[in-house]
Amino acid sequence: MQELDNSNEQERFFVDSVKELEKVNRQLTKLTLRKEELTQQIIGTLDHEHEGQKTYQYGSWRLEVKTPFVYSLDKKKYESGDFPLPKNFNPVKESVSYAIDKRLCEQYMQEAPKEVRDALAELIDKRPGKAGITIKERV
């Protein structure tokens, strides 16, 4: 009987937690939208309509305003060669990126010879990331 009570209590706790998480997510969405609105209103009021960062003093507040632009490259067009840019006017820098195949890393950490496992342990840092729960839908 104790097991049944414990199970019901766990379910009640779980249901209450998920309901509260739904409520918090709705509040965060509304607050995020409001924050964006207020940010745009303040930037407009300060006449800060250019790219960059500037600190403003307004009454007892010091406000640091950042208005960056995000640049992205259409790699297919760039690599097609249809838009040849002279070297002295080419702002694109190529870079090498490394990524870890997590599945293979876990497999090799278990199956590889000791010296390989030791080398992997020296090269790769594994630590917990930020946990998250997404409520997809309520049935």
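The values are calculated or read from the model by the stated rules, or taken from the named source; none is laboratory data. Here the structure is a predicted model, which means the values were calculated and not measured. Note: areas computed on protein heavy atoms with side chains; ligands, DNA, RNA excluded. Shrake-Rupley method; radii C 1.70, N 1.55, O 1.52, S 1.80 Å.
List of remarks:
- Rolling a 1.4 Å probe over the protein heavy atoms leaves residue 36 with an accessible area of roughly 100 Å².
- Fraction of the pair-distance distribution of the chain above 20 Å, Cα-Cα pairs, percent: 77 percent
- Using θ = phi - 60° in the Karplus curve 6.51 cos²θ - 1.76 cosθ + 1.60, the 3J(HN,Hα) couplings for region 24-36 round to 4, 4, 5, 5, 4, 4, 5, 5, 5, 4, 5, 4, 5 Hz; x is entered for Gly and Pro.
- The phi-based Karplus calculation (6.51 cos²θ - 1.76 cosθ + 1.60; θ = phi - 60°) puts the 3J(HN,Hα) values of region 103-117 at 4, 5, 4, 4, 4, 5, 5, 9, 9, 6, x, 3, 5, 6, 4 Hz, whole numbers, x for Gly and Pro.
- Where the chain is the region considered: accessible area per residue in Å², 1.4 Å probe: 101 Å²
- Backbone amide hydrogens, once placed in the peptide plane, bring residue 56 within less than 5 Å of 63, 64, 65, excluding anything fewer than 5 places away on its chain.
- Over the chain: helical MRE at 222 nm, DSSP H runs n ≥ 4 each giving -39500 (n - 2.57), nearest 500: -17000 deg cm²/dmol
- Considering all C-alpha pairs of region 1-81, those separated by over 21 Å amount to 63%.
- Solvent-accessible area, 1.4 Å probe, carbon plus sulfur percent, for the chain: 54 percent
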